[in-house]
Amino acid sequence: MNKHRVAGRIEVNGIVQGVGFRPFIYNLALRHGLKGEVSNTSAGVAIVVEGSAGHIDAFAADISAAPPPLAHVVEVSRQSIPVNGYTAFRIVQSKADTAMATLISPDVSVCEDCRRELFDPNDRRYRYPFINCTNCGPRYTIIDDIPYDRPKTSMKHFEMCPQCQQEYDDPLNRRFHAQPNACPVCGPHVSLFDRDRNRVDGADPIRETARLLRQGRIIAIKGLGGFHLAVDAVNTAAVRRLRSKKQREEKPFALMTADIARIRQFARFDAAEQRLLTSIQRPIVLLRKREPNSIAVDVAPRNRYFGVMLPYTPLHYLLLDQGFTALVMTSGNLSEEPIAIDNEDAIRRLSSIADYFLVHNRDIYLRSDDSIVRCAAGETRLIRRSRGFVPVPVFLRQKVPAVLACGAELKNTICLIRGNQAFVSQHIGDLENTATEDFFRLTIRHMQRILKIEPEILAYDLHPDYLSTRWALEQEGVQKAAVQHHHAHVVSAMAENRIDGPVIGLAFDGTGYGSDGAIWGGEVLVADEQKFDRAAHFAYLPMPGSTAAIKQPWRMGLSYLYAAYGDALEDLPLPFLRGIDGARVTIILEMIKKRINAPLTSSLGRLFDGVAALAGLRNEVAFEGQAAMELEMMAASSADYSYDCHWTSGAPAQIPTAPIIRAVVEDLLQGTAPALISARFHLTLVRLFTDLCDHLRRDTGLTRVVLSGGVFQNATLLGGLVRALEDKKFKVYTHTQVPTNDGGLSLGQAIIAATTATRSQIA
């Protein structure tokens, strides 16, 4: 044996399984003339190498320098070991252990190599809708356990044919250990059924599906993380029929189209938005409408934007290759239910909506909705973080104990923390029905299993009636921590920006349970990861009918008018008042005055609703945030001035809404265009909170401002406030990795619980 030969063991943690990492290591070792082996473990990838010290050093440096496209190296550790006398370098069977689990790649779009083969008549996978390789395809949604090997995925039901097996076993092949590897001979297949479960005969179910779509039919299509409901997006009758059957009155539908050129026919986008559209994550991207366009008006009524995505599976490419301008591809569910993932369940649940079902026989182990993003204030903003992004962790500034955070009631996600890695789940949805609650429980079990995390601490929202809170309180033998909603919002943004406190936190949303039992939502906090002080908030006023006021913004309009004018409001010659039945006005005013079923709120989201109602935009909403969204959409490009607004001294300071409401009413009575009123209202908020932060800086010395909460999905407010604060020399932190809405809340809950909970809190 060469006396200059040395040996080392190298362990790599990160996204290093299912991404071609072992063949990368194999070829790297050959290039450096090294012997040894590489294997997957529960912790990542383990490598043993023997050779000269210089070659091993160069090999170790190259591991992080140029990994495979889907890999993400987090940590490389190395130690010297005795020389064993390897005669070659080989890839060996995966090894399970009890160490920290590896990171798992998200599901990503089909790569260019596979797409070329898909449309190559000479390729054996020509028009095969499940083509994939180590650089693309399903991951998270087909994994049942780790290490990430075929027997632990839903591909275990498909035995590879000799050709596929040869590719799978060849370290030099692009499909080496590509766990979903398959072909028309041995892999999954698609089938087309009608709603009565009768198979539709035909040589090509995808071409038949395209024919039916052109006829105006509704098709349920099984994709990567669940079912879509699809119609031809230029067919107005089909779109309206889908709306009626899905019970989705006005909420925009997502569009999928074949390529960038076709998007240009109906939407506008810049270079940053194009990069998002073509990224491997393939999210739905909110794009400005091009007018006129051929897309049915009912796809996104009263909205300046379309939600658009490019195909991300081979099946989608094959379907859109049939000449469509675009297809509506909305979630395969009834409103507020989880998307369907199982063929039988889909037919049972969706047969009242879909005419036909394009299904396949590869199981989906965990549903994952399409992610939604928009560009605002110079950054990518996640509105819904799911397919393509999950389960990539948020990397924290320091290690913390293992935590499970249960999230909020709406837009629920959970968060599991391991060391300095925070894993925020895919979008679970609104915990308002049994099906979604079941999905919540399943997600917890699944993520704990595949991530190998046993939480020491359980975090939950203060609201006693949240289903996530009730579930948390039922758990035994684990330390628990209740976390205030808006504190969690602020800390979630701090966590993803890797900063500690104290900071000035602006937490603006529609609803959050306050420490005093009131409904908060227009909060200015001085906060760190452990505690917060409420520095200022909008003055409380009644929310008549409680949740009914969310669905009927005119109730909030009346409440704000009463706070501003008292009984004199009935003398105001406002079109808003004339449009509501007088008896209903009388009833709601009595509820406000006597505080009957009228909890107090400080919510900025409700103020947006109230102003939208007063401006004549909407008295009732069909989906959450609709009135506020439409108020933003119709705002003029600039405002000539802002309304008068101030705050009172005190701890906390209070911001009365009456001056803003009186100014809005005066504008309305003078015939000012609602677009200009909206612009002035937005500018008022920007100046108000910039001045308030400036005031707090003088009192506290704090120069960092954190923005979080669902109201900051409003690009006009977000962009205006970021610019104004930065002009005042504040350092501003916002969300770019998790949603600013309640979809990011679980991250903040987890961090707060990890830093504040004590063992004495064990239930």
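Values as computed for the structure displayed
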| read-out | value |
| --- | --- |
| Charge dipole (debye, nearest 20) of the chain; +1 at Cβ of Lys and Arg, -1 at Cβ of Asp and Glu | 1200 |
| Residue (of PRO674, LEU224, MET543) at the positive-pole extreme of the chain, dipole from beta-carbon charges | LEU224 |
| Between helix 236-246 and the chain: long-axis angle, C-alpha atoms, 0 to 90°, nearest 10 | 90 |
| Per-residue HN-Hα couplings for the range 623-637 [Karplus 6.51, -1.76, 1.60; θ = phi - 60°; Hz; x = Gly/Pro] | 8, 4, x, 4, 4, 5, 4, 5, 5, 5, 4, 8, 5, 4, 5 |
| Normalised contact order of the range 536-733, rounded percent, pairs of Cα under 8 Å and 6 or more residues apart | 23 |
| Mean separation of Cα contacts under 8 Å (6+ apart) over length of the range 292-381, as relative contact order % | 18 |
| Prolate/oblate/rounded label for the range 6-91 (Cα gyration tensor, a/c 1.5) | prolate |
| Dipole in debye (nearest 20) - the range 536-733, about Cα centre, beta carbon charges: Lys, Arg +1; Asp, Glu -1 | 540 |
| CD proxy at 222 nm, helix term only [per DSSP H run n ≥ 4: -39500 (n - 2.57); per residue of the chain; nearest 500] | -9500 deg cm²/dmol |
| Dipole moment magnitude, nearest 20 debye, the range 190-360 about Cα centre, only Lys, Arg, Asp, Glu C-beta charged | 520 |
| Relative exposure of THR41, THR601, THR586, judged by other C-beta atoms within 10 Å (fewest first) | THR586, THR41, THR601 |
| Straight-distance crosslink candidates among lysines, where the alpha carbon sits under 22 Å from LYS594 and sequence neighbours closer than 8 are dropped | LYS551 |
| Burial ordering of SER279, SER678, fewest other beta-carbon atoms within 10 Å first | SER279, SER678 |
| C-alpha long axis of helix 21-31 to longest principal axis of the chain, angle in ° | 50 |
| Residue among LEU103, PHE306, SER352 farthest towards the positive dipole end of the chain, charges placed on Cβ | LEU103 |
| Least to most buried among ARG387, ARG248, ARG195 (fewest other Cβ within 10 Å first) | ARG195, ARG248, ARG387 |
| Cross-link table LYS222/LYS452; LYS222/LYS411; LYS245/LYS411, entries beyond 25 Å C-alpha to C-alpha | LYS222/LYS452 |
| Dipole axis of the chain (+1 Lys, Arg; -1 Asp, Glu on Cβ), positive-most option in PHE712, ASN173, ILE142 | ASN173 |
| Cα-based helix-to-principal-axis angle, 582-594 vs the chain, degrees rounded to 10 | 80 |
| Mean separation of Cα contacts under 8 Å, 6 or more apart, over the residue count of the chain: relative contact order % | 11 |
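Read-outs throughout are calculated quantities, based only on the coordinates presented, and are distinct from any laboratory measurement. Nothing here was measured: the structure is a model prediction, and the numbers come from that model. A quick note on method: Cβ atoms are made from the backbone with ideal geometry, for glycine too, and the neighbour counts reach across all protein chains shown.
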